[in-house]
Every structure is written in structure tokens, then in C-alpha cells.
Amino acid sequence: MAAESHVTSFMDQIKDFWNSFDLKTMSAKIGGSSAQAVEAIIFFALSFAAGLVFKKYLKIIFISSVIAALLVAALHYNSMVTIDWSALKGFFGFTPEVDVQTIAKIMALNLIDWVKLNILATVTVVIGFLLGYRLG
């Protein structure tokens, strides 16, 4: 009889928590908006799944990438495939006169600026990916 009252009271506690759960008030207590909380949850879930998949299929992805890169490099070296670097730079939004080092610097600076603006998303993605990778 006591076990049934404990289960019932525990279930009532869960039901009360679910009915009283309000994301806006919880995020206000933390100091953010509900949109930020939902965004953080989504980023965490996606990066957690990516970490799981990455750990499970890392060898396949790595070996496939290395083989594809070596194949393209060999084809380019033997002049079977010509890589139009200016068209490739234009595709990514750079002028053809810009060299690879400048592109790398610009991309790194843009990444750093994005991380500074989206620190919550960055932290949740890193934590989610690491947890997914660890548990995968």
C-alpha cells in the first residue's frame, strides 16, 4: 500500500512539474530569453547527434576523404582534371586575385567574430559534440 502511494505521489510530482514548466520563467531566472534557450537546446541536440555519428563512422569518413583527396590530386597532377582556382574562389565569394593565405586569414577572422557574437551557441555545440562523441 505504501509503495502505491509513493508511486502515485512521484507521478503527481512529475505531472505537477510538467504542468508548471514554463520556459520563459526558467530562462528569465537564468538571465536569457526563451528563444535563446530553445536555440541552445537545438544546437546541443544536433551537435550531440553529430558527435555520436562522428565517433561511430570516423574511420569510414576519414578513409573516404583521404582517398577522394588523393584521387583528385592524382587526376589533377596527370592533367586529367583541371581545377579552375579562380572559379572556385569566385564560388566562395573571393576575388580571383586573393591568394590562399589571405583567404585563410579572412575565414579565421570571420569564424572568430562569429564565435564572439554567438558564444552560447558555440559553448552548447562544443559540449554537445564532446558528450555525443564520448557516449557514442
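The values are calculated or read from the model by the stated rules, or taken from the named source; none is laboratory data. Just so it is clear, the structure is predicted and the values come from calculations on it, not from any experiment. Cβ coordinates were reconstructed from backbone atoms using ideal geometry, including for glycine residues, and neighbour counts include every protein chain displayed.
Among residues of region 103-128 that are modelled with pLDDT of 85 or more, those with a Cβ under 8 angstrom from a residue that is acidic (Asp, Glu), sequence gap 6+ or separate chain, pair up as LEU120/GLU39; ALA121/GLU39. Among residues belonging to region 86-114 that are outside any helix (DSSP H, G or I) and among the hydrophobic types (A, V, I, L, M, F, W, C), point out the one that is surrounded by the fewest Cβ atoms within 10 Å (Cβ to Cβ). Filtering region 86-114 for residues that are outside any helix (DSSP H, G or I) and among the hydrophobic types (A, V, I, L, M, F, W, C), the one surrounded by the fewest Cβ atoms within 10 Å (Cβ to Cβ) comes out as PHE92.
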